[in-house]
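Asker: If you scroll down you'll find the structure; I have some questions about it.
The values are calculated or read from the model by the stated rules, or taken from the named source; none is laboratory data. Small disclaimer: the values here were computed from a predicted structure and weren't measured. Glycine also receives a Cβ, built like all others from the backbone with ideal geometry; neighbour counts cover every protein chain displayed. We work out accessible area using only protein heavy atoms, side chains counted, and drop any ligands, DNA or RNA first. Shrake-Rupley method; radii C 1.70, N 1.55, O 1.52, S 1.80 Å.
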Amino acid sequence: MNPPITVSITGAAGQIGYALLFRIASGAMFGPDQPVNLRLIEIEPGMKALQGVIMELDDCAFPLLNDIVATSDLDEGFKGANWALLVGSVPRKAGMERADLLNINGQIFTGQGKAIAANAADDVRVLVVGNPCNTNALIAMNNAEGVPNDRFFAMTRLDENRAKSQLAAKAGVHNRDVSNMCIWGNHSATQYPDFTNAKINGQPVSEVITDSGWLQGEFISTVQQRGAAIIAARGASSAASAANGVVDTVRSLTTPTAAGDWTSVAVCSDGSYGIDAGLIASMPIRVDAEGRWDIVPGVELDEFSRAKVDASVQELRDEREAVVSLLG
Ligand code: NDP
């Protein structure tokens, strides 16, 4: 057995947390030979519910679950973290402007960035799920002095999975036959699920699905609006699929990417694809055998794609502008 990995999770008693913790403890995230320590972080009002979740974790008797700490203290919560999964954030309430939401959450992610820098392990990697996740990650990154920018990620993998599933259903193939699906930009309604570079059984999607009106219209809007459709159907926001997106993201960042393929995750841009350096934007990412990631170069963006990517990047610029005072 390997020595345990320490995973810190904020919002641990929330819906996504409830679906996520059991997957991590079961080995779905780090594999069947990797024990885990869970450091579960909640705000005070969530601590009682968190105790209930811990009772359930105990009742699973997971062989890989080495230790559990529950806390509302950030320093304690991020102590020794190899992975920090930042799931908790304040939901948008009626009448709240996006700028208000950015600022409320901005304060949270400022503190979390600092606490990660002060307490986490040297190899810490940070995945932000709590919305608005790209800009929350930007704030955490800019407040985590000494932690390299390439350790910060924001989740767009659920969007990628949704896009693959929609393309597979339309083409009458299995999800696993769809590759090279990239979500570009912001995890928001401006995100661009790039069907122009995606492939079905190695063939360009547009050669398999010839209905370009569907690809440019209904496909994109279905992926962009999928969260709202789930709320309408289930009466609650997506949680199990979001947790699965977290598991998939971490697995993709810790295992080599299949040759020629890529995955979607928002990273700190180096200026690639005309995306301002320093913004946290979703791009095609690949991971090598040593576990290093880079932005896949040379993906062609046609005029349609370029306009979509630019619109989403503009939204990220506007979000950055709204929180510029929090960026240290
Ligand atoms: P969820 O567990 O359902 O969601 C948590 C966050 O994930 C939200 O910001 C949500 O965004 C986001 N998210 C990202 N992608 C998705 C997706 N595809 N589907 C659904 N959500 C997505 O929220 P709960 O309210 O159940 O739980 C939040 C927990 O966080 C609570 O236990 C609360 O106590 C805690 N919390 C912690 C804070 C802190 O750490 N300081 C601050 C506030 C709350 P969206 O809202 O847009 O759906």
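Asker: Is region 71-91 home to any residue that is more than 11 Å from the ligand (Cβ to nearest atom) and among the hydroxyl-bearing types (Ser, Thr, Tyr)? Step through it out loud before you land on a result.
Answerer: Taking region 71-91 and keeping what is more than 11 Å from the ligand (Cβ to nearest atom), we get 71, 73, 75-76, 78-84.
Next, only the ones that are among the hydroxyl-bearing types (Ser, Thr, Tyr) stay: 71.
Looking for residues that are more than 11 Å from the ligand (Cβ to nearest atom) and among the hydroxyl-bearing types (Ser, Thr, Tyr), one finds at least one in region 71-91, hence yes.
Asker: Report, by residue number, each residue of region 145-170 that is among the hydroxyl-bearing types (Ser, Thr, Tyr) and more than 13 Å from the ligand (Cβ to nearest atom).
Answerer: Passing the criteria: only Ser165.
Asker: Just one of the numbered conditions (1) open to solvent by less than 50 Å² (accessible area, probe 1.4 Å); (2) away from the ligand (no atom under 15 Å from the Cβ); (3) part of a helix (DSSP H, G or I) is not true of Asn105; which one?
Answerer: Evaluating Asn105 over (1) open to solvent by less than 50 Å² (accessible area, probe 1.4 Å); (2) away from the ligand (no atom under 15 Å from the Cβ); (3) part of a helix (DSSP H, G or I) leaves (2) as the failure.
Asker: Go through region 52-70 and give me each residue that's within 13 Å of the ligand (Cβ to nearest atom) and either surrounded by 12 or more Cβ atoms within 10 Å (Cβ to Cβ) or hydroxyl-bearing (Ser, Thr, Tyr) (or both).
Answerer: Hits for region 52-70 are Val53, Ala70.
Asker: Quick one: how many residues across region 225-261 are of a type outside the set (A, V, I, L, M) and under 15 Å from the mean Cα position of the chain (by Cα)? Outline the logic, then answer.
Answerer: Here is the first cut: in region 225-261, the residues of a type outside the set (A, V, I, L, M) are 225-227, 234-235, 237-238, 241, 244-245, 248-249, 251-252, 254-257, 260-261.
Applying the additional criterion that residues be under 15 Å from the mean Cα position of the chain (by Cα) yields 227, 238, 241, 244-245, 248-249, 251-252, 254.
Adding up the residues that qualify gives 10.
Asker: Since Gly291 meets every condition but one in (1) modelled with pLDDT of 95 or more; (2) surrounded by fewer than 16 Cβ atoms within 10 Å (Cβ to Cβ); (3) more than 16 Å from the ligand (Cβ to nearest atom), which condition does it not meet?
Answerer: Condition (1) is where Gly291 drops out.
Asker: Being open to solvent by 70 Å² or more (accessible area, probe 1.4 Å) and at pLDDT 95 or above is the filter here; which residues of region 213-231 pass it?
Answerer: Taking region 213-231 first, the residues open to solvent by 70 Å² or more (accessible area, probe 1.4 Å) are 216, 218, 225-226, 231.
Residues satisfying the conditions are Gln216, Glu218.
Asker: Sticking with this one: Out of region 1-47, which residues are within 14 Å of the ligand (Cβ to nearest atom) and β-branched (Val, Ile, Thr)?
Answerer: Residues satisfying the conditions are Ile9, Thr10, Ile16, Ile41, Ile43.
Asker: Shifting gears a bit: Condition first: in contact with a Lys or Arg (Cβ under 7 Å, 6 or more places away or on another chain) and closer than 24 Å to Ser272 by Cβ. Now tell me which residues in region 163-183 satisfy that.
Answerer: Result: Val178, Ser179, Asn180, Met181.
Asker: What number of residues in region 74-94 are outside any strand (DSSP E or B) and either open to solvent by less than 80 Å² (accessible area, probe 1.4 Å) or acidic (Asp, Glu) (or both)? Spell out how you get there, then give the answer.
Answerer: To start, the set of residues in region 74-94 that are outside any strand (DSSP E or B) comprises 74-82, 87-94.
Those left that are additionally either open to solvent by less than 80 Å² (accessible area, probe 1.4 Å) or acidic (Asp, Glu) (or both): 74-78, 80-82, 87-90.
Count: 12.
Asker: Which number in (1) more than 15 Å from the ligand (Cβ to nearest atom); (2) in contact (Cβ under 8 Å) with a residue 24 or more places away in the chain marks the one condition that Asp122 misses?
Answerer: Only one criterion in (1) more than 15 Å from the ligand (Cβ to nearest atom); (2) in contact (Cβ under 8 Å) with a residue 24 or more places away in the chain is unmet by Asp122, namely (2).
Asker: Looking only at residues that are open to solvent by 40 Å² or more (accessible area, probe 1.4 Å) and outside any strand (DSSP E or B) in region 118-145, which one is modelled with the lowest pLDDT?
Answerer: So the residue we want is Asn131.
Asker: Return the residues of region 152-203 that are within 23 Å of Ile16 (Cβ to Cβ) and of a type in the set (Lys, Arg); say none if nothing qualifies.
Answerer: Selection gives Arg157, Arg162, Lys164.
Asker: May I ask you to say which residue of Asn186, Asn175, Asn197 is surrounded by fewer than 16 Cβ atoms within 10 Å (Cβ to Cβ) and either within 30 Å of Ala121 (Cβ to Cβ) or at pLDDT 95 or above (or both)?
Answerer: Going through Asn186, Asn175, Asn197 in turn, the sole match is Asn175.
Asker: Take Pro204 and decide whether it is surrounded by fewer than 24 Cβ atoms within 10 Å (Cβ to Cβ) and under 24 Å from Asp270 (Cα atoms).
Answerer: No.
Asker: Take Ala99 and decide whether it is near the ligand (Cβ under 9 Å from one of its atoms) and in a helix (DSSP H, G or I). Walk me through how you get there before you give the answer.
Answerer: Working: near the ligand (Cβ under 9 Å from one of its atoms): no; in a helix (DSSP H, G or I): yes.
For Ala99, the condition - near the ligand (Cβ under 9 Å from one of its atoms) and in a helix (DSSP H, G or I) - is not met.
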